[in-house]
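The values are calculated or read from the model by the stated rules, or taken from the named source; none is laboratory data. Worth saying up front: this structure is predicted, and the values here are computed from it rather than measured. Positions of Cβ are generated from backbone atoms using ideal geometry, with glycine treated the same way; all protein chains shown enter the neighbour counts.
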Amino acid sequence: MQTFGIGLAGMGNVGTGVFKHLTQNRALLRERLGYELAVRRVAVRDVEKNRGVEIPRELLTTDAQSLLDDPGIHMVVELIGGKEESLRLMLGAIERKKIVVTGNKALLAERGKEIFEAAFAHKVPVFFEAAVGGGIPIIKSIREAFIGNHIQSIHGIVNGTSNYILTRMTEAGMGFSEALAEAQAAGYAEADPSLDVNGGDAAHKAIILASLAYGFWVPEGNVFVEGIEKLTASDIQFARKMGYRIKLLATIKAHEDGAGIEVRVHPTLIPETHVLASVNGVFNAMAVRGDVVGETLFYGKGAGQDATASA
Ligand code: HSE
């Protein structure tokens, strides 16, 4: 049986989940794929840190770029985040014809054009299912299942942390900071949680979805973005009295006259009878409308170790 070698860069929350589940479901994957998936090297910042999973010491390195020189590594899984080292790693992997998997939505939103041009030139696939919607297979669905559709609109709750905060403020009357602390403790938030609450992370995901739906990369400066940090408990209560829920909603939409698209992220009043109003906690949901398929809805955990590792 053939072995397919994986180089895992980054053992934060998601990287640890990927290693754990590749190990736990190794036999299942072997049976389904017809070959062995083997993690051959794991790049970390601190080799001594206890991550709650057993990683053979000889797999660990602090030099992520060393994954590129290992001929036994066929796929590089980039989960280190940030924009410089991760970009170098991805472009280096593409040049060496190693498959790339990444969850780095900020980097894709900013440098996606360059990354996918390089991937196209070298005929190397770049997979990024974990970059949007946690465990929800939205990337694959838009790319493959809806290939015969003009995408008319995507409306989505795409940031788990802000949805968790809004839910706790609405249902438990909790304060903003306390709810954010809970989301951080559960491993939902970004290393810099301001991106969760200021709408930046949702904007990165909206840019990725727009690129799949419309075939070009919208510059972040062209996206209207407002986060949830100015919402107060009384905004939420007033909305509730009027029969609405407030959600941080990403909208990606083609104008009906064919004159362009719009991409925006902002708190939105959703009637409580609408299905998106009942998407609570860390859950994400995306309503995708295509000219052939009509309205569709995707729902699942949008953040967290296991859901993201699954993607
Ligand atoms: N911080 C992100 C969120 C993680 O809360 O949605 C998943 O992309």
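Name the one entry in I165, I151, I99 that is within 15 Å of the ligand (Cβ to nearest atom), on the phi < 0 side of the Ramachandran plot, at pLDDT 95 or above and in contact with a Phe, Trp or Tyr (Cβ under 8 Å, 6 or more places away or on another chain). From the options I165, I151, I99, the qualifying one is I165.
Checking the stretch 216-225 against the condition returns a match, with at least one residue being within 16 Å of the ligand (Cβ to nearest atom) and either over 19 Å from G81 (Cα atoms) or in a strand (DSSP E or B) (or both).
Among the residues of the stretch 164-193, those identified as touching a residue at least 24 places away in the same chain (Cβ under 8 Å) and more than 17 Å from T232 (Cβ to Cβ) are Y164, A183, A186, G187, Y188, A189, E190, A191, P193.
When L108, L91, L29 are screened for being at pLDDT 95 or above, part of a helix (DSSP H, G or I) and over 29 Å from I207 (Cβ atoms), only L29 passes.
Kindly indicate the residue of the stretch 286-307 that is outside any strand (DSSP E or B) and away from the ligand (no atom under 16 Å from the Cβ) and also surrounded by the fewest Cβ atoms within 10 Å (Cβ to Cβ) among those meeting that condition.
To start, the set of residues in the stretch 286-307 that are outside any strand (DSSP E or B) comprises 291-293, 302-307.
Add one more test, that the residue is away from the ligand (no atom under 16 Å from the Cβ), and what stays is 291-293.
Values: D291: 12, V292: 8, V293: 13.
Of everything passing the filter in the stretch 286-307, V292 is surrounded by the fewest Cβ atoms within 10 Å (Cβ to Cβ).
Which residues, counting only those in the stretch 257-311, are within 26 Å of G221 (Cβ to Cβ) and not small (G, A, S)? Selection gives D257, I261, E262, V263, R264, V265, H266, P267, T268, N284, M286, V288. Listed by position, the helices (runs of 4 or more DSSP H) enclosed by the stretch 125-211 that each have at least 3 residues that are within 17 Å of E226 (Cα to Cα) and not aliphatic (A, V, I, L, M) are 160-171.
State all residues of the stretch 111-124 that are out of contact with any Phe, Trp or Tyr (no Cβ under 7 Å at 6 or more places or on another chain) and in a helix (DSSP H, G or I); if no residue qualifies, say none. Steps first, answer last, please.
To start, the set of residues in the stretch 111-124 that are out of contact with any Phe, Trp or Tyr (no Cβ under 7 Å at 6 or more places or on another chain) comprises 111, 114-124.
R111, E114, I115, F116, E117, A118, A119, F120, A121, H122 - these are the residues of the stretch 111-124 that are out of contact with any Phe, Trp or Tyr (no Cβ under 7 Å at 6 or more places or on another chain) and in a helix (DSSP H, G or I).
Report the residue count in the stretch 97-110 for those that are without any contact (Cβ under 8 Å) to a residue 40 or more places away in the chain and either surrounded by 18 or more Cβ atoms within 10 Å (Cβ to Cβ) or within 24 Å of A309 (Cβ to Cβ) (or both).
First, the residues of the stretch 97-110 that are without any contact (Cβ under 8 Å) to a residue 40 or more places away in the chain: 97, 99-102, 104, 107.
Those left that are additionally either surrounded by 18 or more Cβ atoms within 10 Å (Cβ to Cβ) or within 24 Å of A309 (Cβ to Cβ) (or both): 99-102, 104, 107.
Number of matching residues: 6.
Hey, among D63, D70, D46, which residue is surrounded by fewer than 17 Cβ atoms within 10 Å (Cβ to Cβ), over 24 Å from the mean Cα position of the chain (by Cα) and in contact (Cβ under 8 Å) with a residue 24 or more places away in the chain? On inspection, the qualifying residue turns out to be D70. Exactly one residue among A106, A130 is closer than 19 Å to K301 by Cβ and within 12 Å of the ligand (Cβ to nearest atom), and that residue is A130. Inspection of the stretch 257-274 finds no residue satisfying the criterion of being surrounded by 18 or more Cβ atoms within 10 Å (Cβ to Cβ) and assigned to a loop (DSSP other than H, G, I, E, B). Within this structure, V53 passes the test of being part of a loop (DSSP other than H, G, I, E, B), surrounded by 12 or more Cβ atoms within 10 Å (Cβ to Cβ) and of a type in the set (A, V, I, L, M, F, W, C). Could you check F283 against (1) under 30 Å from R26 (Cα atoms); (2) surrounded by fewer than 18 Cβ atoms within 10 Å (Cβ to Cβ); (3) among the aromatic types (F, W, Y) and say which number it fails? The one condition F283 does not meet is (2). Scanning the stretch 266-285 for residues that are within 16 Å of the ligand (Cβ to nearest atom), among the β-branched types (V, I, T) and more than 16 Å from the chain's Cα centre (by Cα) yields a single hit, V279.
Filter the stretch 77-96 down to residues that are charged (D, E, K, R) and surrounded by fewer than 22 Cβ atoms within 10 Å (Cβ to Cβ) and give me whichever is nearest to the ligand (Cβ to nearest atom). Going through the qualifying residues, I end up with K83.
When the stretch 168-204 is limited to residues that are within 11 Å of the ligand (Cβ to nearest atom) and of a type in the set (D, E, K, R), the one that is farthest from A307 (Cα to Cα) turns out to be D192.
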